[in-house]
Amino acid sequence: MTTTLEVQKFDVKPLSEWKSVATELLGTQTRIVQGKSFYHRVIEAGSSGEPLILIHGVGGHAETYARNLHGLARAGFHVYAIDALYHGYSSKQPYVDDNRTEKQADALADLIEALGYKWAHIEGESMGGGITFLFGMKYPQMCGKLILNTGIGPINLKKTDFPQNPGGGNTLQELSQASIMTPTRETVRARMEWLVADPSRMTDEMVDIRLRLYADPEIYESIKRVYRVGQQWATANAVQRQYEEEEVQANFKPQALVFWTDKNPGQGPAYGEYVSNVIPGAKFYNMLDAAHWPQWEKPEEHDQVLIDFIRGK
């Protein structure tokens, strides 16, 4: 049976009142953290409290969470938005393909240790959700509460006939590969508008940030591998280890929240709700009028969902 998270009221300001990424990040610290096996770029807010790590989606970067760092820090968390392994200014090598998400989960463990923690709360968006799920399977002792935001791990679901939203199928693959093979304002904006329910919600600045990252030769070559240029994603993903529902129910130990949206491209909220029933004890939340970037589209609501879930309300 689905356990739906009930969220307290929150104040909301129009998206037009959110300032530039640089302005929103004033008062945060960007630094490189050297772990035993990898180095990690983090944007950090807060100086005390329980650690909360935020992981972006495929092809992305830490600025995905520019609108959330201060709000979550004010709630009492020590917050770290990160560049995932193979992305942004974090480690690019050694690159692996057939178990890439598991290697990214290993890198997350490396980061938590390097920051001096024994455990952390973690939210992963899209690809980050897959990393977070695998981290929960492999490193339960290092988990606080886990949030799977519009993305889950490699679970072989028994049910597959979920209602579909626009933007599914090969759309993301085509947009992603076009944006890296011909990185122009038009191709990158098309890729990034896929993330939001209304194209006007994607700012020119965020497009510029991604173009600037792709202008770095090392990042560019790494994202080409991440986007599996020249391969079909379905074929490449088939080599990933798939967990059966029974394995998840028997072995997934952390407390989890499946955070979905009504306009998520491809798999809609029925998919997220089903997954919340596969993960033992998981809660479910469905944000309305948002797509694949709820933390950017409705930052106050996103933050309150995390705060209430972590605090057990």
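In table form, for the structure just shown:
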| quantity | calculated |
| --- | --- |
| Filter result for Y117 (closer than 20 Å to R311 by Cα, assigned to a loop (DSSP other than H, G, I, E, B) and either of a type outside the set (F, W, Y) or at pLDDT 95 or above (or both)) | yes |
| Leading residue by the ranking (surrounded by the most Cβ atoms within 10 Å (Cβ to Cβ)) among those in the range 130-173 that are touching a Ser or Thr at 6+ places or on another chain (Cβ under 8 Å) and not hydrophobic (A, V, I, L, M, F, W, C) | N149 |
| Every pair of residues 6+ apart whose Cβ atoms lie under 8 Å, when the first sits in the range 37-59 and is on the phi > 0 side of the Ramachandran plot and in contact (Cβ under 8 Å) with a residue 24 or more places away in the chain while the second is part of a strand (DSSP E or B) and among the basic types (K, R) | none |
| Whichever residue in the range 175-209 is among the basic types (K, R) and out of contact with any Ser or Thr (no Cβ under 8 Å at 6 or more places or on another chain) and, among such residues, is farthest from W260 (Cα to Cα) | R185 |
| Condition check for S126: closer than 22 Å to I223 by Cβ, surrounded by fewer than 24 Cβ atoms within 10 Å (Cβ to Cβ) and either in contact with a Pro (Cβ under 9 Å, 6 or more places away or on another chain) or hydroxyl-bearing (S, T, Y) (or both) | no |
| Options I43, I53: the member that is within 12 Å of the chain's Cα centre (by Cα) and either at pLDDT below 95 or aliphatic (A, V, I, L, M) (or both) | I53 |
| Of residues in the range 168-181 being out of contact with any helix residue (DSSP H, G or I) (no Cβ under 9 Å at 6 or more places or on another chain) and touching a residue at least 12 places away in the same chain (Cβ under 8 Å), the one farthest from A197 (Cα to Cα) | G169 |
| Filter pass, S48 being more than 22 Å from E205 (Cβ to Cβ) and of a type outside the set (F, W, Y) | yes |
| Residue check, E193 without any contact (Cβ under 8 Å) to a residue 12 or more places away in the chain and under 20 Å from the mean Cα position of the chain (by Cα) | yes |
| Test: residue in the range 98-112 that is out of contact with any Cys (no Cβ under 9 Å at 6 or more places or on another chain), free of Cβ contacts under 8 Å to residues at least 24 places away in the same chain, over 20 Å from S276 (Cβ atoms) and of a type in the set (G, A, S) | no |
| Selection status of T64, under 18 Å from the mean Cα position of the chain (by Cα), under 20 Å from K145 (Cα atoms) and of a type in the set (S, T, N, Q) | no |
| Residue count for the range 6-38, restricted to those that are more than 29 Å from T203 (Cβ to Cβ) and of a type outside the set (K, R) | 5 |
| Complete set of residues in the range 266-313 that are assigned to a loop (DSSP other than H, G, I, E, B) and either surrounded by 22 or more Cβ atoms within 10 Å (Cβ to Cβ) or among the small types (G, A, S) (or both) | G268, I279, G281, A282, A290, A291, H292, W293, K298, G312 |
| Pair list, Cβ under 9 Å, 6 or more apart: the range 135-156 residue at positive phi, other residue buried (at least 22 other Cβ atoms within 10 Å of the Cβ) and aromatic (F, W, Y) | T150/F259; T150/W260; T150/W293 |
| Those residues of the range 173-217 which are polar (S, T, N, Q) and not in a loop (DSSP other than H, G, I, E, B), in sequence order | Q173, S176, Q177, S179, T187, S200 |
| Residue in the range 136-149 that is part of a helix (DSSP H, G or I) and among the charged types (D, E, K, R) present | yes |
| Hits in the range 29-73 (condition: farther than 30 Å from A190 by Cβ, among the hydrophobic types (A, V, I, L, M, F, W, C) and assigned to a strand (DSSP E or B)) | I32, V33, A45, L52 |
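The values are calculated or read from the model by the stated rules, or taken from the named source; none is laboratory data. Since the structure is predicted, the reported quantities are computational estimates derived from the model, not experimental observations. Every residue, glycine as well, gets a Cβ built from its backbone with ideal geometry; the counts of neighbours run over all protein chains shown.
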